[in-house]
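This report refers to the structure that appears directly beneath it.
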Amino acid sequence: MRKTIVLATLLAISGLSAIATPGMTQSRQKPRPATPTAPAQQGVVLPSGRGSQASLEYRQVERAGRDLARAREDSYRISYLASQVSSSQANELLPIAQQIMERAESNFRGGQYFEASEQAKAAAAIYEAAENLYESELGYVIGKKGPSGPSRSYIEAPQRAQERIARTEAEIQYYRSNDNTVRQLLDRARSLVANAPTSTTASATTPIANNANFAYLAQNRAADRLLRAAMHLISAERGF
């Protein structure tokens, strides 16, 4: 009789334990769901691999895509401006910028992200130079909020252009650049500086007295932007 009672008690205890812990047993056996991952953007091949190299390449993809998008936006904006304002000097720059954009897009598709980024920046700088030449014809700065006077970057442009001419010449010689577009941009910048309208002395605190003074600043700023474009192309050519 005692053995029967003890056996019944043990069975009851084991039964209670099974009832009390079914959720825990199931939770141990239930597999964890996979961590969701964000889908890759269409048209962009994301780099594979581990560690810092993959991270660096991913940043280059992102940077190149951003620089290309900005250059395309500049292209649309300046193309519209070209239909409204007449400037032969500015119009001559647009095919050069477009050619560089095509090189940048080709390099991007081929996985040469650094070269694509630098070439896109060069194209954007050329579009900005064209805008400055259109501004020279208009007599004012085309601001985002409407026409405005020249900022400090215009006032300082004559000095900056001279300094950048010397630097670009030095980089062409030091890195032995074989890109004909680089030399073409350098020659155009020299011509803009040499043929800019005669100006009276201007400073950041002195207003521009007439359109000739503004044209002088705008053309020098255009030259500075062309030289920046040339240096971006040198950087793309050397790979750093």
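For segment 58-83, residues that are without any contact (Cβ under 8 Å) to a residue 24 or more places away in the chain and either crowded, with 18+ Cβ neighbours inside 10 Å or more than 14 Å from Glu128 (Cα to Cα) (or both) total 6. For first residues located in segment 93-110 and farther than 17 Å from Ala64 by Cα, partners that are of a type outside the set (Val, Ile, Thr) and lie 6+ apart or on another chain with Cβ distances below 7 Å form the pairs Leu93/Ala129; Leu93/Ala130; Leu94/Ala82; Leu94/Ala130.
Restricting attention to segment 219-240 and to residues that are over 17 Å from the mean Cα position of the chain (by Cα) and of a type in the set (Lys, Arg), the residue that is most open to solvent (accessible area, probe 1.4 Å) turns out to be Arg238. The single condition from (1) open to solvent by less than 80 Å² (accessible area, probe 1.4 Å); (2) over 22 Å from Ala123 (Cβ atoms); (3) among the basic types (Lys, Arg) that Arg176 fails is (1). For first residues located in segment 151-168 and closer than 11 Å to Leu186 by Cα and touching a residue at least 60 places away in the same chain (Cβ under 8 Å), partners that are open to solvent by 60 Å² or more (accessible area, probe 1.4 Å) and not hydroxyl-bearing (Ser, Thr, Tyr) and lie 6+ apart or on another chain with Cβ distances below 8 Å form the pairs Arg164/Arg228; Ile165/Arg190. Do we find that Gly139 is among the small types (Gly, Ala, Ser), farther than 15 Å from Arg228 by Cβ and free of Cβ contacts under 8 Å to residues at least 40 places away in the same chain in this structure? Judged against the criteria, Gly139 is not a match. Among the residues of segment 181-201, those identified as at pLDDT 95 or above and polar (S, T, N, Q) are Thr181, Gln184, Ser191. When you look at Glu135, is it of a type in the set (Asp, Glu) and within 14 Å of the chain's Cα centre (by Cα), yes or no? No, not satisfied.
The values are calculated or read from the model by the stated rules, or taken from the named source; none is laboratory data. All of these numbers come straight from a predicted model, not from anything done at the bench. Positions of Cβ are backbone-derived with ideal geometry, glycine not excepted, and every protein chain shown enters the neighbour counts. Quick note on the areas: whole protein, heavy atoms, side chains included, nothing else; ligands and nucleic acids left out. Shrake-Rupley method; radii C 1.70, N 1.55, O 1.52, S 1.80 Å.
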